[in-house]
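Contents: one structure, followed by commentary.
Read-outs throughout are calculated quantities, based only on the coordinates presented, and are distinct from any laboratory measurement. This one's a predicted model, so the numbers in the text were calculated from it and none came from an experiment. Every residue, glycine as well, gets a Cβ built from its backbone with ideal geometry; the counts of neighbours run over all protein chains shown.
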Amino acid sequence: MKRVFTVLAFLCVLGVGEYFVVSRFAIRHETLSLFDAARQRPVTVELAVRRDYETKANLGLWKLPLAIISNGNTVKATEYSFLANVLAARGYIVASIQQDLPTDPPLMTHVGQPYVGRRQVYIRCEANILFALGELKKRQENAAYDHITLVGHSNGGDVSMYVAHQHPELVSKVITLDNLRVPFELNDHLKILSFRSKDPHFVSDPGVLPTPEQAKARGIDIVHTGAQHTEMSDRGPDSVKEKIQATLDRFLRDSASSELAPADTTSPMIMNPGDY
């Protein structure tokens, strides 16, 4: 019991710090080099977790909420640390999955086909996520594997929305950065935050974004950033990343008190570039 009280005291001290202080000093990072024998495919996962919350979970005092980040095409899983650190600072265990490999076929667009012909890519990435979930369960039993948060940029955002549609029993939140192909999942029990770019070279397909009426009815938060599509990773300027971090942190803070509750559909946050 003495050990437990010591840990809890430590948690109270850390709890008063800002998330950026925690992200710098108290987040543990680990690379898992996994191999899915059934598909003969390597799956690399970058983990980030706050040490104090991990200790609390290891003692059986806490279930870690889980966030899975899917990278944009040709972007590395390691290039979303600005998102992983905010999530980890809020108490999540974060798994950034390297969804594409150099040996994978190029991402092609076939106009007129469902998801412009990318369904097989989404199915492959879905298998990566399910495989990673199984491996994480072997390593950390005290995590909320039935209420996961999916995060993704570009193609990774489409993967996140696709998996949320396929597995509504698993997914409680989806956070996308400029997903362009897979329509938003309109589900009262799913909370969605989406950051949108202002980039003429990356325009969402018709029917992907909800109408303003649908967004309001479903509590979908859409943030028009005015940023370029390719700036929504660690490669982007600090000004863009910091604004996304602040909005994401507020989104997580506002939903933290009801982590497992249905989405609040009464106050959508639809912002214009000037507001951002």
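Based on the Cβ-Cβ distance from Asp199 to His29, what FRET efficiency comes out when R0 is 25 Å, to the nearest 0.05? Each step should come with its number before you reach the end.
Working: r = 30 Å, r/R0 = 1.21.
The value I calculate is 0.25.
In the stretch 170-204, whose amide N lies under 15 Å from the spot 7 Å out along Cα-to-Cβ of Ser239? List them in ranges.
Hits in the stretch 170-204 for Ser239 at 15 Å: 198.
Report the equivalent ellipsoid semi-axes for the stretch 2-271 in whole Å, largest first, defined as the square roots of five times the eigenvalues of the gyration tensor built from alpha carbon atoms.
They are 29, 22, 18 Å, listed largest first.
Give a quick list of GluC sites (Glu not before Pro) in the stretch 168-242 that DSSP marks as loop, anything other than H, G, I, E or B, with at most 13 other Cβ atoms within 10 Å.
Glu169
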